[in-house]
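Reading through the structure tokens given below for one structure.
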Amino acid sequence: MIPAERQNLILARLTGRGVLSIAELTGLLGVSHMTVRRDIQQLERAGRVMSVAGGICLPERISFEPSHAVKATVAHAEKAAIGRVAAAMVPEGAVVYLDAGTTTLEIAQHIAPRDDIAVVTNDFVIGALLTRESRCRLYHTGGQVERENQSCVGEPAAEAIRRFNFDIAFISTSSFGLRGVSTPSENKVAVKRAIAQSATRSILVTDSSKYGLVGTFNAVPLEALSAIVTDAGLPESVRAEIGKRGIALHIAAPAPDQQGVSPA
């Protein structure tokens, strides 16, 4: 059986089962563990499957993004740790972009005391925080208002982003995989592409629960990223593949007093 036939068989069986272990796949295909791993890697690079502990499953498609209020209640300790690590990556005198999101809001809280940087954002919550508490130069993109996520999207926001040269940009997401960042919202595609195109370093900041979720639209290919900051929940096989592609991976551990803590 040639690789394409094996991979089609894997996908067919996954469609009926949802999840398959490595042991099941070696028995199904009658090949070695190494051969199965190679087939999985090819399927995962194409965005057709995702690795889980001991096996694989089909990516989960998302049709909408949760509101800002809902996002703020999820993975708080992980986001706080990611924000702390990401903020430490901002160099002196940098022009920084903060994409809309609750993880980037954590970054904003850490960089607020700095007076040596300029910050650009499309997020109203981040803008309000930095207006109240920061000493940085602050710019908002404007654009079409997305009320549930309290941010601006669409081509007017993307056009504003293209006017800047960012030293470092932090991109948020509701879904990503080895193909890159995706979104269920067409209005966000132009914004995320403009961010990546305008930045010397583009950093994806996301908790690991977003891995393997797939939105309707591809926004930023994985190779356009300089680094990813996430938590320890990202599968080891995915970490290895990210490293092979020359993308720096930073695993953020929650502070001891935050582990296992959820917001009330």
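The values are calculated or read from the model by the stated rules, or taken from the named source; none is laboratory data. Please read these numbers as outputs of a predicted model, since none were measured by experiment. As a convention, Cβ positions derive from the backbone with ideal geometry for all residues, glycine included, and neighbour counts pool all protein chains shown.
Hey, any hits in the range 135-149 for a residue that's part of a strand (DSSP E or B), of a type in the set (S, T, Y), in contact with a His (Cβ under 7 Å, 6 or more places away or on another chain) and not assigned by TED's automatic domain parsing to the domain that holds Q41? Talk me through it step by step, then tell me what you get.
Here is the first cut: in the range 135-149, the residues part of a strand (DSSP E or B) are 137-140, 144-146.
From what is left, the residues that are of a type in the set (S, T, Y) are 139.
With in contact with a His (Cβ under 7 Å, 6 or more places away or on another chain) added as a condition, the list becomes none.
The answer is no, given that none of the residues of the range 135-149 is part of a strand (DSSP E or B), of a type in the set (S, T, Y), in contact with a His (Cβ under 7 Å, 6 or more places away or on another chain) and not assigned by TED's automatic domain parsing to the domain that holds Q41.
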Six or more apart or on different chains, Cβ under 9 Å: which pairs go from a residue in the range 10-33 that's at pLDDT 85 or above to one that's assigned to a loop (DSSP other than H, G, I, E, B) and loosely packed, with under 13 Cβ neighbours inside 10 Å? Could you list them?
S21/G54; I22/G54; A23/G54; T26/S32; L29/M1; G30/M1; V31/M1
Looking at S202, S209, S182 in this structure, which one is part of a helix (DSSP H, G or I) and among the hydroxyl-bearing types (S, T, Y)?
S209
Only one of E155, E106, E92 is outside any strand (DSSP E or B), free of Cβ contacts under 8 Å to residues at least 60 places away in the same chain and under 22 Å from A219 (Cα atoms). Can you tell me which?
E155
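Does R179 fit the bill of being out of contact with any Asp or Glu (no Cβ under 7 Å at 6 or more places or on another chain), farther than 18 Å from V90 by Cβ and at pLDDT 95 or above?
On the way: out of contact with any Asp or Glu (no Cβ under 7 Å at 6 or more places or on another chain): yes; farther than 18 Å from V90 by Cβ: yes; at pLDDT 95 or above: no.
Taking the combined requirement at face value, the residue does not satisfy it.
Let's see how each residue does on (1) among the small types (G, A, S); (2) surrounded by fewer than 16 Cβ atoms within 10 Å (Cβ to Cβ):
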residue: E44; (1), (2): no, no
residue: P59; (1), (2): no, no
residue: E65; (1), (2): no, no
residue: A80; (1), (2): yes, no
residue: V90; (1), (2): no, no
residue: V96; (1), (2): no, no
residue: D115; (1), (2): no, yes
Return a yes/no flag: does the range 61-77 have any residue that is more than 27 Å from V145 (Cα to Cα) and among the charged types (D, E, K, R).
no
